[in-house]
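Here the structure comes first, spelled out in structure tokens, and everything after it is commentary.
Throughout, read-outs are computed from the coordinates displayed, never taken from laboratory work. Being a predicted model, the structure only gives us computed values, none of them experimental. All Cβ positions, glycine included, derive from the backbone under ideal geometry; neighbour counts span all protein chains shown.
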Amino acid sequence: MSSAGAPKPGRPLKSDRQLLWKGIPMRPIGNLASSVGLATVMFVMAPTSDAEAAKLAGRSVKIGCQVSLTGKGTEWGQAAKAAMEVAAEEINAKDGIGGIPLELICYDTQTLESEALKTVSRLVERDKVLAISGPCFSSEFETIAPQLDARLKTVIMSYCSAKPGLSAMSKWAFRNTLTSDKQLTPVVEAWVKEYKPKKVVIIYDAEDAVSKAEGAIILPALFKKHGIEILDMLTYRTKDTDYSAQITRAKSLGAQGIGLGSCYQNAAAIAKEAHKQGLTVPIIGGACASAPGFIEIAGKAAEGAYMSTAAWGDDPRPEVQAFMKKVVAKLGGKQPPYSGPRAYDIVFAFKHCIETTGVTNKPSDLYSDRDKIRECLQGLKKFPGVAGELTMNEVRDGVGVTAILKVVNGKYTNIAK
């Protein structure tokens, strides 16, 4: 909802079934249409009559969420938050979870490992949530996962962490997304088939977990598989803004393509610098680079670039388009990256597991309830979602097909067949 239409904290919307907002107002966050940057956002809907007997104990079912509303992950976090709000509204419009309202408690991780660890501890120990959707970034996820088995013992389920191997760190660690190797394999194949590069350079962020994995491990392996010579592997730091040295080097080597391990802001700046220097060679990027912000920032320099993704917003299925209409409205007309649909599906997966495994929602059963949710998610197969069917593999990562995105006339087009 827009800032103009958002209710004040504690003041209900005027409707037959009231949706209440509670929270601690903070500074406004970017252009997120629905946000006043709440430290905590709770969706609670009051039942309309005594006839609606709750199957679960308590006044609400608490689900936590970690979103990067500030920092380099802003676009990803804003989309995830908006999508989970849509899910909460839809669930509470149909009697909540187990007959009682869903309460969604969200914190901004600021795209920082330290803040991610602080907020997950708050959700588990103070807010006593049943499960947590998030965090997004692999560096955050990698910081939290080692704490799960010994201390936190609560499900975290990321909607966009893509560095391979992280979910295997704990039985409580889940990811409803595809890891970068799975996302990039078909994209590299299509990119090579169209552009036929013989020699490339790789430019990657040496500080970001997934970008480093893509640049140092995944893309080199895929390029070598296709017989492509890697002329050089060039790095930068997350907060760098000048990429002239890397592009000058790539141009001097005669690179016929550029592979990026990068988030969308840096990727766009690199593409612009390449065009500025007259290096108009094809670009390919991974998980974090594919946000719509890449096109917005890079402009014409984005044209022809290939990107990987774990969801496709222009999927013609009616349920996908119904979701997209709602989330785009919350985002002020902006398309979400794949964190949006993936986060939306997580909330419904949690609902399914809570309602089908004997969860009671009693305070005395908190630890056993959390474990029941974990066991349910571990065995989840072909659960329907707007991002596609949700299936967990043996290490609790999502599996499935991915789109192959190419920038055509200033828009992402899925060229997967």
Nearby lysines by direct alpha-carbon distance to K153 (threshold 24 angstrom, same-chain neighbours under 8 apart not counted): K62, K81, K118, K128, K163, K171, K351, K362, K372, K381
Using 0.36 nm per residue of separation minus the Cα-Cα distance, give me the extension gain between K251 and A329 in nm, one decimal. 23.9 nm
Cut-off 10 angstrom, C-alpha nodes, Gaussian network model of the chain. Which of Q66, Q265, Q277 fluctuates the most? Q277
Debye log10 I(q)/I(0) at q = 0.11, 0.14, 0.21 Å⁻¹ for region 284-390, Cα point scatterers: -0.48, -0.70, -1.08
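Determine, from the Cβ-Cβ distance of E189 and S114 and an R0 of 35 Å, the FRET efficiency 1/(1 + (r/R0)^6), rounded to the nearest 0.05.
That gives a FRET efficiency of 0.35.
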Within 10 Å of each residue's Cβ, count the other Cβ atoms and sort V347, V408 from fewest upward. V408, V347
Where a Cα-Cα gap under 12 Å defines reach, which aspartates and glutamates qualify for K55, not counting those fewer than 8 residues away within the same chain? D95, E355
Give me the one-decimal nm value for the distance between modelled label points at A322 and E296, 7 Å along each residue's Cα-to-Cβ direction. 2.7 nm
Between 0 and 90 degrees, rounded to the nearest ten: what's the tilt of helix 366-378 against the longest Cα principal axis of the chain? 40 degrees
Once both axes come from the Cα atoms, what is the angle between helix 74-92 and the longest principal axis of the chain, in degrees from 0 to 90, rounded to 10? 30 degrees
Using a Förster distance of 51 Å, the FRET efficiency for K362-A206 (Cβ separation, nearest 0.05): 0.60
So for L377, L234, L219, fewest C-beta neighbours within 10 Å to most, what's the order? L234, L377, L219
Where a Cα-Cα gap under 16 Å defines reach, which lysines qualify for K196, not counting those fewer than 8 residues away within the same chain? K224, K225, K406
Short to long, in 5 Å steps from zero, the percent of alpha-carbon pairs of region 181-309 per bin is 2, 13, 25, 27, 23, 9, 1
Proxy exposure order for R122, R374 (fewest C-beta within 10 Å first) is R122, R374
Just want to confirm a number: the relative contact order over the chain, from Cα pairs under 8 angstrom separated by 6+ residues, in percent. 16 percent
Quick check on region 162-222: what does the Kirkwood estimate of hydrodynamic radius come out to from the alpha carbon pairs, in Å? 12.9 Å
Hand me the trypsin sites (Lys or Arg not before Pro) from region 207-242 located in a DSSP loop with no more than 12 other Cβ atoms within 10 Å, in residue order please. R237, K239
With r defined as the distance between the Cβ atoms of T241 and N414 and R0 fixed at 41 Å, what FRET efficiency is calculated, to the nearest 0.05? 0.85
Can you show me the helix-derived [θ] at 222 nm for the chain, built from DSSP H runs with n ≥ 4 at -39,500 (n - 2.57) apiece and divided by the number of residues, rounded to the nearest 500. -10000 deg cm²/dmol
In degrees, nearest ten, helix 264-276 long axis to first principal axis of the chain (Cα): 20 degrees
Would you kindly give the portion of the calculated P(r) for region 53-205 that falls above 22 Å, as a percent of all Cα pairs? 48 percent
